[in-house]
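The values are calculated or read from the model by the stated rules, or taken from the named source; none is laboratory data. In this text the structure is predicted, and so the values were computed from the model without any measurement. No Cβ is skipped: glycine too gets one built from the backbone with ideal geometry, and neighbour counts run over all protein chains shown. Keep in mind that these areas ignore ligands, DNA and RNA; they rest on the heavy atoms of the full protein, side chains included. Shrake-Rupley method; radii C 1.70, N 1.55, O 1.52, S 1.80 Å.
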Amino acid sequence: MNIKLQGIDLLGNLGLKSTQDRLNRQAARDNKIAFFEQQKENLKNMKADTIDEIAKKLAMFHGYEDQIAAAKMEYNNAQMFHVFDEAQELAEKIAEAAEKNDPKTPEERREDMIEEATGVENDGMLDELMDNLTDAVEEVNEEMVEDLQQSSEEILSEDEFNQMMLTEEELEKLEQEKRIPVNYIPFDYRI
């Protein structure tokens with residue numbers, strides 16, 4: 001269960017990219033304003049005995065006020081562009097969702113029916129990975145068979161290897177023996 005609070009869910013996902021940008025701009029604005037507010041507080045601790053020092057202090061105070069106003073104005077201007085960006089992102093998401101809900105052509109419906117009937121789904125990347133895995137396993141098996149044949153031929157001479165290989169007739173006899181049950185007793189006797 002995700003709980004969202006003004007574009008931020010409590011699990012750390014900030015939602016839209018434009019929302020993340022807006023939060024970053026807000027943080028930057030708040031940092032600037034806090035800095036200049038602190039500078040104004042520091043002016044209170046500054047002693048000014050002469051008229052020139054008081055004028056300088058007043059000028060610094062107005063400068064800080066101007067900087068705070070500029071930071072707010074900068075944020076407001078950026079926020080206008082943010083609204084446009086966010087609207088564009090939402091429009092793109094709505095367009096993607098609308099594409100998914102578009103009526104299907106008869107060919108697409110036929111393909112869907114075939115997939116449902118056969119129980120086969122085209123997962124794209126997963127199918128490719130499984131095909132690649134199957135190919136790799138087949139290649140490894142072929143290599144192992146070749147290696148085993150080569151090593152067995154190296155160990156045994158050709159004559160010994162040929163003697164070990166069963167002829168077709170011997171294979172047929174073995175197959176026939178397998179077909180006959182073990183507890184089979186012939187019942188036809190000659191009288």
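Using the structure shown, decide if residue 172 is at pLDDT 70 or above, surrounded by 10 or more Cβ atoms within 10 Å (Cβ to Cβ) and acidic (Asp, Glu). Answer is yes for this residue.
Looking at region 73-94, is at least one residue over 28 Å from the mean Cα position of the chain (by Cα) and over 30 Å from residue 17 (Cα atoms)? No; the residues of region 73-94 include none that is over 28 Å from the mean Cα position of the chain (by Cα) and over 30 Å from residue 17 (Cα atoms). Of all residues in region 30-47, those that are β-branched (Val, Ile, Thr) have Cβ atoms under 8 Å from Cβ atoms of residues that are part of a helix (DSSP H, G or I) and open to solvent by 70 Å² or more (accessible area, probe 1.4 Å), 6 or more apart or on another chain, in 33/72. Give region 71-91 a look and list any residue that's among the small types (Gly, Ala, Ser) and without any contact (Cβ under 8 Å) to a residue 24 or more places away in the chain, or say none. 87, 91, listed by residue number.
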